[in-house]
Structures are given as structure tokens and as C-alpha cells.
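Participant: Quick one: the structure is below, and I'll ask about it shortly.
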């Protein structure tokens, strides 16, 4: 029984593939992390301080940005530490904490994208009843459900992982993932795999159905609308569609390389594909929404212009 409980830390062996250019990877990831923090924080600040941006769509975008900061912070600072120190060991406690944060982040992202799809459906298909159907109370409820559903559902499943003991310490990734950790368990895992399938179904399928339903209804309305209305609907939906596609591509890369034999793909390529959904969506979602939505773009320009003018005034006064 002593051997069963001996593993209290794990080795993230994928870092050995990055040693040849580890300083380059460190600088690249540091720049990406700083950019993620800047663009998402800027988006959050603008939406929070501008009363004109307290509508449903902007509040959902704000939550998407908050979740982007949450997910990237769970991943990138530990990665930067491992690259700089060349110590690829991670404690059992921190590994479990990282798993919970990264998996709940991915689930919250999909939940928020799903309610954003519903919001676009109501705005385009029921414009006269939009404020009634998307009241402030309902929006707050949808946001609370998006976060609580992700954390509670995965948390209940995650208890099975927390209770396990591990007989191996090698994780062939640059971060901890639930599936990779469960494979190191001392005992049989078929029950947990079946429960995991059910949880994945509940996390993914209802949200995807909501998105597909929303866009099916939007498409139905647009088919009989004027060209001007079609163009407006397309402009309104494009940022959300790009965000959904970006998220789906990232998840496809992660699931494919985790669950299937991808030995024909270079190992470094597999590492970067596994990082895609944790790094690219938080960065590009904020950029896409910040640039494409005129109201947000105008307030960002206004905010930074005001800051620039204040800075110039202070310099002159000195």
C-alpha cells in the first residue's frame, strides 16, 4: 500500500521537447500572456465603466473576457515558470487545481457562447420583445448559470479524480489534464470513463444544440428579410460565429490529440495544438469584439484618448 500512495508529484515530460529554444518559447508565451491580459482587461474596464455598454450582449462579452483571463492565468504563469527553471515537476495538489481551473474554463466558455447565441436569436427574431425576453434579471441569471453549471458539474465529476491514488508520475503534456491524470491511476478506471462521457455530453450537447437552434432560426428569418436586414444580421452575428468556430477548432485539436494516436504528427506540433484552445480564443475573442462592435470600439478610443490627453496635460504642467 506504501507504493500506491507514493506518487505525490508528476513530471510534465513534454517540456523536454522545448528545451532547445526554451528562451524563445518563454518570450513568445510571455508576450501572448501580456496581450491576453491587456486586451481582455481593457474590454472588461470599458464595459464596466460605460453605462451605455451594460446591455445583455456587452455583459456576456465581459464574462467571456473574464473567463479568458481566468483560463490563461491557470495555464501560462506555470508554463513560464517551468520553462525558466527547467524544473518540470508539479505537485499533486497544484496539478489537480490546474485541471479544475482549465476544464471549468473550457466549460464556462461554451456556456457563455451558448447564451450569446440565444441573445442574438432573440435580438434578430424577436426584436420588439427583446428587452422583455432579455431583462437584466434574466441576463444575470444566465450569467450565474453559465459559471455555476460549469463549476458544479465538473466539480462533482472531479471528486472521482481527487479520490484516486496514482502509481505513475509521467504526464506527456505541458499542463495537467484530467484524462491524462486518470490514466496514471493505480486501479481500474472504466466507471470514471463512463461518468466522464455523461458529463462531457451534458457540458457540450445542450449548448451546441442551443447555438444550432439559434442560428437555424436566424437563418430562417433572414431568408425572408430584406438585403439590408440580412447585412445587419450578418454583421451582428459574425463576431459570435468566429468565436464559436475558434473554440470548436481548439477543442477538436485537444480532444483529437488526447484521445487518438497522433504519432504521425511532430511532437512539438501536438504540444501547440493542445495549447490552441487555451491561448488563442481568449486573445482573439477580445480583439474580435473590441474591433468589430462599433459601440465598444468607440468607447475604447474615447477612453484611451482621454488617458492620452490627461498624460499630455500633466507633462505640460510639469
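Participant: Taking residue 108, is it on the phi < 0 side of the Ramachandran plot, in contact with a helix residue (DSSP H, G or I) (Cβ under 6 Å, 6 or more places away or on another chain), in a helix (DSSP H, G or I) and touching a residue at least 40 places away in the same chain (Cβ under 8 Å)? Walk me through how you get there before you give the answer.
Facilitator: Values: on the phi < 0 side of the Ramachandran plot: yes; in contact with a helix residue (DSSP H, G or I) (Cβ under 6 Å, 6 or more places away or on another chain): yes; in a helix (DSSP H, G or I): yes; touching a residue at least 40 places away in the same chain (Cβ under 8 Å): yes.
When the stated conditions are applied, residue 108 passes them.
Participant: Could you tell me whether the range 124-135 includes any residue that is modelled with pLDDT of 90 or more and within 28 Å of residue 13 (Cα to Cα)?
Facilitator: No, there is no match, as no residue in the range 124-135 is modelled with pLDDT of 90 or more and within 28 Å of residue 13 (Cα to Cα).
Participant: Next question, about the same structure. In this structure, does residue 170 turn out to be modelled with pLDDT of 90 or more and more than 19 Å from residue 106 (Cβ to Cβ)?
Facilitator: Judged against the criteria, residue 170 is a match.
Participant: Consider residue 228 carefully, then state whether it is modelled with pLDDT of 80 or more and not in a helix (DSSP H, G or I). Before you say what the answer is, go through the steps one by one.
Facilitator: Numbers: modelled with pLDDT of 80 or more: yes; not in a helix (DSSP H, G or I): no.
It is false that residue 228 is modelled with pLDDT of 80 or more and not in a helix (DSSP H, G or I).
Participant: If you check residue 175 against the conditions, is it within 30 Å of residue 7 (Cβ to Cβ) and in a helix (DSSP H, G or I)?
Facilitator: Numbers: within 30 Å of residue 7 (Cβ to Cβ): yes; in a helix (DSSP H, G or I): no.
So residue 175 does not fit the description; no.
Participant: Taking the range 71-87 as the region of interest, how many residues are crowded, with 18+ Cβ neighbours inside 10 Å and more than 19 Å from the chain's Cα centre (by Cα)?
Facilitator: Of the residues in that region, 2 qualify.
Participant: Then there is this: Does residue 68 count as touching a residue at least 24 places away in the same chain (Cβ under 8 Å), surrounded by fewer than 20 Cβ atoms within 10 Å (Cβ to Cβ), touching a helix residue (DSSP H, G or I) at 6+ places or on another chain (Cβ under 7 Å) and assigned to a helix (DSSP H, G or I)?
Facilitator: No.
Participant: On to the next question. Pairs only if they're at least six apart or on different chains, beta carbon under 9 angstrom, first in the range 193-207 and within 11 Å of residue 111 (Cβ to Cβ), second modelled with pLDDT under 90; list them, first residue then second.
Facilitator: So the pair list comes out as 204/251.
The values are calculated or read from the model by the stated rules, or taken from the named source; none is laboratory data. Computed from a prediction, not measured in an experiment: that's the story for all the values here. Neighbour counts are summed over all protein chains in view; Cβ atoms, including those assigned to glycine, are modelled from backbone coordinates with ideal geometry.
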